[in-house]
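A quick write-up on the structure given underneath.
The values are calculated or read from the model by the stated rules, or taken from the named source; none is laboratory data. Small disclaimer: the values here were computed from a predicted structure and weren't measured. Cβ atoms come from the backbone with ideal geometry, glycine included; neighbour counts cover every protein chain shown. Heavy atoms of the whole protein, side chains included, go into the accessibility calculation; ligands, DNA and RNA do not. Shrake-Rupley method; radii C 1.70, N 1.55, O 1.52, S 1.80 Å.
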Amino acid sequence: ANADYPAHWWQEVDRQTAPGWEVLPQDAKEGEVILSKRNELGILSNFAATDFVYKGTLYKSVEGFWQSLKYPESQDDMRATFEGIEWPYSRAEVELMTGFLAKKAGGYANANMREMGIDWVTFQGKKIKFWTVSKGVHYRLIKDALRTKAIQNPKVMEILLSTGDLKLLPDHIMGDAPPAWFYNKIWMELRKEFREQAQ
Ligand SMILES: Nc1c(N[C@@H]2O[C@H](COP(=O)(O)O)[C@@H](O)[C@H]2O)[nH]c(=O)[nH]c1=O
């Protein structure tokens, strides 16, 4: 029951003053919890500042990692040389971003990708299909980043495991998105994985 967990995870927030995209802590049903950026569960958000090193590169957040994949990897990357396309940041800059700034960098990149007509991102020189319903390369890469974030940040691991058997829900309206977007579901899978390893 929810009584086994900190009561403030369901703390009522005034909806009048909350942004339109937000799902509030009190919106969870029995057995559920919102991964709200208003309390410590927000560390599980992709936006959170949780440094991790993945395959030799430092990222300041999963969002920085996620959005950096959309940026040119080098000067001769077709995304860098494409006529009329400009990039407000370098990929290295995006890697070090967190939160809404990283999301904004991703927003510019989305517009560029639409303009160029490309539906892929890259990691270490390899093209990866983006926005796909299959739990393919992109999904596995994001899941691996979340796993790495937990392993390298003891606080993340502690908070994830402290959610016990609660169903984790995003704190923003998601609509229809591919599996890689559902960080709450990925966390539930990783929670199980980490618990099994601890036995
Ligand atoms: N809008 C939002 C989040 N959206 C995040 O944006 C990323 C996907 O961006 P895109 O590639 O442009 O679809 C992904 O990391 C997803 O979790 N996250 C949050 O914590 N809070 C929010 O309010």
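Assuming a ≥ b ≥ c are the square roots of the Cα gyration tensor eigenvalues, decide whether the range 123-199 counts as rounded (a/c under 1.5), prolate (otherwise, with a/b larger than b/c) or oblate. Numbers along the way, then the final one.
Working: a/c = 2.23, a/b = 1.41, b/c = 1.58.
Note, shape of the range 123-199 comes out oblate.
Can you give the direction-averaged projected area of the convex hull of the alpha-carbon atoms in the range 1-40, in nm²?
Averaged projected area of the range 1-40's Cα convex hull equals 2.8 nm².
Can you tell me the length gained on complete extension of the stretch Thr132 to Leu96, counting 0.36 nm per residue apart and subtracting the Cα distance?
Residue separation times 0.36 nm, minus the Cα-Cα distance, leaves 10.4 nm.
Below 8 Å, C-alpha to C-alpha, sequence gap of six or more: please give me the relative contact order for the chain in percent.
Relative contact order of the chain: 23 percent.
List, in order, the whole-Hz ³J(HN,Hα) value for each residue of the range 96-105 obtained from phi through the Karplus relation with A = 6.51, B = -1.76, C = 1.60 and θ = phi - 60°; use x for Gly and Pro.
Here the 3J(HN,Hα) series is 9, 8, 9, x, 5, 5, 4, 4, 5, 4 Hz.
If the viscosity is 1.567 mPa s and the temperature 4 °C, what translational diffusion coefficient in µm²/s does Stokes-Einstein give for the range 1-94 when Rh comes from Kirkwood over Cα pairs?
79 µm²/s
Are there any GluC sites (Glu not before Pro) in the range 1-70 that are in a DSSP loop and have at most 11 other Cβ atoms within 10 Å? List them by number.
Glu12, Glu30
What FRET efficiency comes out for the pair Glu115/Gln197, r = Cβ-Cβ distance, R0 = 45 Å, nearest 0.05?
After rounding, the FRET efficiency stands at 0.50.
Where a ≥ b ≥ c are the square roots of the eigenvalues of the C-alpha gyration tensor, would you call the range 130-171 rounded, which needs a/c under 1.5, or, failing that, prolate if a/b is larger than b/c, or oblate? It would help to have the intermediate numbers written out before the result.
Working: a/c = 3.11, a/b = 1.56, b/c = 1.99.
Oblate, since a/c reaches 1.5 and b/c is not below a/b.
Please compute the length gained on full extension between Thr57 and Asp165, using 0.36 nm multiplied by the number of residues separating them and subtracting their Cα-Cα distance.
Result: 35.6 nm gained on full extension.
Averaged per residue, what accessible area in Å² does the range 113-155 show with a 1.4 Å probe, protein chains only?
For the range 113-155, the per-residue accessible area is 59 Å².
Filter Lys29/Lys127; Lys29/Lys143; Lys126/Lys167 down to the pairs with a C-alpha to C-alpha distance above 32 Å, please.
Lys29/Lys127; Lys126/Lys167, as the Cα separations exceed 32 Å there.
Rounded to two decimals, what ratio of Rg to Rh does the range 70-199 give with C-alpha atoms and a Kirkwood Rh?
1.01
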